[in-house]
Amino acid sequence: EMLFLVTGMLCFQAPTHHLALHHRLASDAKRGEPVCDAAWKPTRKPYKPSWMQGSGGVYREMQQEYSAYAAQQDSTRDAAPTADSNESDRQASANDAVSTWAREVELAVAPVHYLCVSDVTDGHPADGARDGRALSAGGRELKVLIVASRFGGMRQRERQQIVNAVLSEHIASGALHSVQMRCWAPEEWEEKGSPVNLGHPCSFSSAGKGVLLGEP
């Protein structure tokens, strides 16, 4: 009985507008009238989160941020260096180094009658760097032909010592792997036919005024 009483109280306290709606629907059904009004439309628009809306709000900010990030990534990929450009940069750097070394030698034995520096690097310093025979995989190999009046009366060894003293820092750093040289006085060079190089094209060359060059 107690349970029935409590249940009955709950039923009795049910909102009256729900009961009125229930009686109205039941009455309309008995009269054969439609239970719902076909012309009725909801007055409140359905909820649509901001990320589903085409304009404004968080969605627009996220879209703008992503577009900016995508553009940045595209520009980075476009600017990424290729293998060819890397090789070109390395070669340009090597040419600059050879020119710098050649001018150092030129100043050390000035006045120079004729100078030819050939870069004959063939890549084998890279193999030597792996087993300890070379200080650097990128070391350059040079052939140097130097003709200077200063060499007159000097032994070949003394002439080479002058050149080695100029290049010793680059050899010690590994930037310069090896140097083959011929150091002649002008008379000696002319007796040998005034050759323009030591069998390889000059990467850098310099000649005094009026100097006549012979064959390679």
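The values are calculated or read from the model by the stated rules, or taken from the named source; none is laboratory data. What you are looking at is a predicted structure, and each value in this text was computed from that prediction instead of being measured. Cβ sites come from the backbone with ideal geometry, for glycine too, and all protein chains shown count toward neighbours. Areas reflect the complete protein model, heavy atoms only, side chains present, ligands, DNA and RNA absent. Shrake-Rupley method; radii C 1.70, N 1.55, O 1.52, S 1.80 Å.
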Q. So which residues in the stretch 78-103 are open to solvent by 60 Å² or more (accessible area, probe 1.4 Å) and either in a loop (DSSP other than H, G, I, E, B) or modelled with pLDDT of 85 or more (or both), if there are any at all?
A. P81, T82, D96, T100, R103
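Of the residues that sit in the stretch 117-126 and are assigned to a strand (DSSP E or B) and in contact with a His (Cβ under 9 Å, 6 or more places away or on another chain), which one is modelled with the highest pLDDT? Break it down into steps so the answer makes sense when it comes.
Taking the stretch 117-126 first, the residues assigned to a strand (DSSP E or B) are 117-119.
Remaining after also requiring in contact with a His (Cβ under 9 Å, 6 or more places away or on another chain): 118-119.
Details: S118: 94, D119: 91.
Ranking the qualifying residues of the stretch 117-126, first place goes to S118.
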Q. Among the candidates V196, V179, which residue alone is of a type in the set (A, V, I, L, M, F, W, C) and over 15 Å from R140 (Cβ atoms)?
A. V196
Q. Among the numbered criteria (1) open to solvent by 60 Å² or more (accessible area, probe 1.4 Å); (2) over 17 Å from A102 (Cβ atoms), which single criterion is violated by A165?
A. (2)
Q. Is it the case that the stretch 55-68 has a residue that's modelled with pLDDT under 75 and loosely packed, with under 10 Cβ neighbours inside 10 Å?
A. yes
Q | Lone qualifier among R130, R182, R159 - being out of contact with any Cys (no Cβ under 7 Å at 6 or more places or on another chain) and at pLDDT 85 or above | A | R182
Q) Within the stretch 180-202, can one find any residue that is within 14 Å of W101 (Cβ to Cβ), of a type in the set (S, T, Y) and either in contact (Cβ under 8 Å) with a residue 24 or more places away in the chain or part of a loop (DSSP other than H, G, I, E, B) (or both)? A) no
Q: Taking only the stretch 156-174 into account, find how many residues are touching a strand residue (DSSP E or B) at 6+ places or on another chain (Cβ under 7 Å) and within 19 Å of G123 (Cβ to Cβ).
A: 1
Q. Within the stretch 189-216, which residues are over 14 Å from V112 (Cα atoms) and of a type in the set (D, E, K, R)?
A. E190, E191, K192, E215
Q: Only residues that are without any contact (Cβ under 8 Å) to a residue 12 or more places away in the chain and either not charged (D, E, K, R) or not in a loop (DSSP other than H, G, I, E, B) (or both): list them for the stretch 155-171, please.
A: R157, E158, Q161, S168, E169, I171
